[in-house]
Amino acid sequence: MTKIGVFDSGFGGLTVLKALLELVPDAEYLYFGDTARLPYGSKSVETVAKYACEAARFLEQQGAELLVIACNTATALAFEQIRQTASVKVVGVIEPGAQQAVAVSSIKKVVVIGTEATISSHAYRNALAKHQVESREKACPLLVPLVEEGWTDHAVTQQVAGIYLAEAFADGFSSADVLLLGCTHYPLLKPVLQRVAPKSVTLVDSAESTALTVSNLLGKKSENAGRFGEATHQHPHDDHGKIKFFVTDSAQKFQRLGKLFLGRPMTDVTHIELKE
Ligand code: DGL
């Protein structure tokens, strides 16, 4: 069984793990959430790169044979550094998300939302531009704390999301036909985002696109096409010994909040201190 290391700044990467468990259920997972140092989305390139490389080294020491950088901010700011530090294959979330958006957009105009750091890096804009797709990038810094408050379907969240999207889908971008979710937390806001986005807009979830990329990489292409939502029903919560979680802040807090992201309880959670 392939051991896949999944790295995130904290809880949000669990949306990527959830998608991976659906498409690649027959792997072992090591999930590292840097909960003591989150959020990454407001930090500098230097800091995020240093944290991300430490996490990647840790996951490799635990035996990861493939690394998935689930955090959009870490991928946007430090993908190259992580790739150079790691001696195993590294998959980030930006390329898969961008490629899916390219495939889905018929008018080649995409709105991307993410953290302040992801948006200022222009990682998504650059990835989309390679395929002649124009993008409008919009930082939505209030959405991560709202999700972590559990307000995924709250009137306040809908109002905030509505303001952000109205600003993004303006001027030359009112006809954009894809909303690319460039942050780990946004899959939890899909119903709200779909309600406030213009009617004809399709949501592209970089968590799902990344899981599909990993699945293809491991040669599961034909087996898994279109399988989202199936596998968890086939093996309900059959995680015993299959997923190990490592966090840098309280394990209890991770278990409490993490359930919201993963949609199932987490048993094997260990608190660790990373050596600098
Ligand atoms: N995981 C981060 C991302 O996807 C969001 C949370 C944070 O800022 O640390 O960009």
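The values are calculated or read from the model by the stated rules, or taken from the named source; none is laboratory data. Fair warning: this is a prediction, and the values are worked out from it, not measured in the lab. Quick reminder, even Gly has a Cβ in these numbers, built from the backbone with ideal geometry, and neighbours come from all protein chains shown. Areas reflect the complete protein model, heavy atoms only, side chains present, ligands, DNA and RNA absent. Shrake-Rupley method; radii C 1.70, N 1.55, O 1.52, S 1.80 Å.
At a glance:
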quantity	calculated
Filtered residues of the stretch 250-274 (kept if within 13 Å of Asp34 (Cα to Cα) and charged (D, E, K, R))	Lys253, Glu273
Residue ID - farthest from Leu262 (Cα to Cα), chosen from residues in the stretch 102-148 that are assigned to a loop (DSSP other than H, G, I, E, B) and in contact with a strand residue (DSSP E or B) (Cβ under 6 Å, 6 or more places away or on another chain)	Val133
Set Val45, Val24, Val6: member being within 16 Å of the ligand (Cβ to nearest atom) and either open to solvent by less than 50 Å² (accessible area, probe 1.4 Å) or without any contact (Cβ under 8 Å) to a residue 24 or more places away in the chain (or both)	Val6
Residue list for the stretch 175-191, restricted to those being surrounded by 24 or more Cβ atoms within 10 Å (Cβ to Cβ) and more than 12 Å from the ligand (Cβ to nearest atom)	Ala176, Val178, Leu179, Leu180, Leu189
When residues of the stretch 109-126 are limited to those that are surrounded by fewer than 24 Cβ atoms within 10 Å (Cβ to Cβ) and over 22 Å from Ser174 (Cβ atoms), the one nearest to the ligand (Cβ to nearest atom)	Glu116
Which listed residue is in contact with a Cys (Cβ under 8 Å, 6 or more places away or on another chain), within 11 Å of the ligand (Cβ to nearest atom), hydroxyl-bearing (Ser, Thr, Tyr) and farther than 15 Å from Gly5 by Cα, from Tyr51, Tyr40	Tyr40
Leu30, sole failed condition from (1) over 16 Å from Ser215 (Cβ atoms); (2) within 16 Å of the ligand (Cβ to nearest atom); (3) within 16 Å of the chain's Cα centre (by Cα); (4) not in a loop (DSSP other than H, G, I, E, B)	(2)
Any chance Gly41 is within 20 Å of Thr210 (Cα to Cα) and part of a loop (DSSP other than H, G, I, E, B)	yes
